[in-house]
């Protein structure tokens, strides 16, 4: 195990000067109480709020799993694993989820992580097959637990809780007000850390009314007005996403897509391109409304009206985060009925004709990662020295276990590939290609 770090070390590594009030209160609760309900909007730092005290309570002499974090989606599992790695605490963490190779799980369990993050189905499967020791799991987190219940993981979560013999601390988190704690959690007198009311004033809701039923022209006018700003266009169905994507391609508007019908690899790459600015727009279903790692957004746009209050709330939670302002546009045709759960909004109209400019960035795939002892500094050096890029021509670098993704100025990408592909980085010959 690497040298263990203090909270001050971790915050310095993350570039955080001090915790926000929610994180401070959550930390105190997790360190002193056994049952915690943490309610806070998406994007306020709930993950760090419960990870810091969990890490403080770990026993460095144990070589067994001590904390189990259950999440509703693969994206959230990967995100939390990445946060733990970035904290550099010295403790091992792994994420197990559907679609991940079983051999990778088996390999990671040869040296059990102190913190295991996983989706209900994958963790319940491991427990059924008795593939890891449950005896030292003292802390259980059900992150976004209402979402896990909403998508039908009740039985798996019950199996998991019934199988854990030594849990001393249970933490439930949600971004939804008025959630009902299920009986199988067996909370007796939980401490509630509730910060859900703090950010409502930052969000502005506006109505875009389309004269035609298909909404296409109104959408393009709205995007022309917004310019090159990061935002999500929410649809209810993957078929609608395909239609909107075709419309954007015809208008040469760069974007990514994100829905449950896509392969996991393609969803991850869409998020990477969105985070690094290759795409400023993401066309998505409610799968993107929470539990994924994306930057602050200037706006979200409801291309299709959500069916329920919860969907509306979580979609809107992607903008106006962490005391920033944001706008939620509701795109409605004249014949559509206005849902009762959406507040009456002021109508706006746009007549802009100038489409958003092409993206400055393209994303490159590099066939080497952490397991090859490659660091972000190594990658930056490769593109600065061998790729002959200037500082403003190299963007965000995302380093994974077995690969990496690098944003490069679009007008330099061909030269960068030619100069760096099939070259050695550390001891590995790496392939560099456009995704």
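Key figures for this structure:
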{"item": "Restricting segment 333-373 to residues that are out of contact with any helix residue (DSSP H, G or I) (no Cβ under 9 Å at 6 or more places or on another chain) and surrounded by 15 or more Cβ atoms within 10 Å (Cβ to Cβ), the residue that is farthest from residue 303 (Cα to Cα)", "result": "372"}
{"item": "Residues of segment 359-379 satisfying the condition of being within 20 Å of residue 274 (Cα to Cα) and assigned to a loop (DSSP other than H, G, I, E, B)", "result": "359, 360"}
{"item": "Residue in segment 230-241 that is closer than 29 Å to residue 101 by Cβ, surrounded by 14 or more Cβ atoms within 10 Å (Cβ to Cβ) and at pLDDT 95 or above present", "result": "yes"}
{"item": "Segment 380-390 - residue that is in contact with a helix residue (DSSP H, G or I) (Cβ under 7 Å, 6 or more places away or on another chain) and assigned to a helix (DSSP H, G or I) and, of those, surrounded by the fewest Cβ atoms within 10 Å (Cβ to Cβ)", "result": "386"}
{"item": "Helices (runs of 4 or more DSSP H) completely within segment 144-227 that count 2 or more residues being more than 30 Å from residue 282 (Cβ to Cβ) and modelled with pLDDT of 90 or more", "result": "154-163"}
{"item": "Filtered residues of segment 261-286 (kept if in a loop (DSSP other than H, G, I, E, B) and touching a residue at least 60 places away in the same chain (Cβ under 8 Å))", "result": "276, 277, 278, 279, 280"}
{"item": "Residue within segment 235-255 that is touching a residue at least 40 places away in the same chain (Cβ under 8 Å), in contact with a strand residue (DSSP E or B) (Cβ under 7 Å, 6 or more places away or on another chain) and assigned to a strand (DSSP E or B) present", "result": "no"}
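The values are calculated or read from the model by the stated rules, or taken from the named source; none is laboratory data. What you see is a predicted model; the values in this text were computed from it and never measured. Cβ coordinates were reconstructed from backbone atoms using ideal geometry, including for glycine residues, and neighbour counts include every protein chain displayed.
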